[in-house]
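The values are calculated or read from the model by the stated rules, or taken from the named source; none is laboratory data. Predicted, not measured: the structure shown is a model, and the values here were computed from it. Using ideal geometry, Cβ is built from the backbone for each residue, glycine included, and neighbour counts are taken over all protein chains shown.
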């Protein structure tokens, strides 16, 4: 998917020529290469969810998607990594947190859940 997006950007860059304003460090850009504002992407996510939940044709899904923002995907990513046992300092680096204590503060509830699971696994391992 990202390779296809990069190909589309390369085509846009060729089409726009010297008016291209972008750099190579943004995945999603306007047609002239500037970064897309995050609110634009968030509103597009809401539109996609709405169309999925209420399609113009065909049946509605059995399980509709809940409202979500772009920022919610960040939380899903961090939560999934932490519950999978990825160390907090690694998750903090992926999120761009300067200090893992920021990650610990935001995701303390997830870490407590993971700790409870670890305790249960340990108890089973020692035969309790």
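A few notes on this one:
- The stretch 43-59 residues that are within 16 Å of residue 70 (Cα to Cα), paired with ones that are in a helix (DSSP H, G or I) (beta carbon under 6 Å, 6 or more apart): 45/70
- The residue pairs whose first member lies in the stretch 99-123 and is surrounded by 11 or more Cβ atoms within 10 Å (Cβ to Cβ), whose second member is at pLDDT below 85, and whose beta carbons are closer than 8 Å, counting only pairs six or more residues apart or on different chains, are 104/111.
- Filter pass, residue 54 being within 28 Å of residue 28 (Cβ to Cβ), outside the structural domain of residue 30 (by TED's automatic domain parsing) and at pLDDT 90 or above: yes
- Summed over the stretch 18-35, residues that are outside any loop (DSSP other than H, G, I, E, B) and under 14 Å from residue 7 (Cα atoms) total 1.
- Residue match in the stretch 36-54 (condition: part of a loop (DSSP other than H, G, I, E, B) and in contact with a helix residue (DSSP H, G or I) (Cβ under 8 Å, 6 or more places away or on another chain)): no
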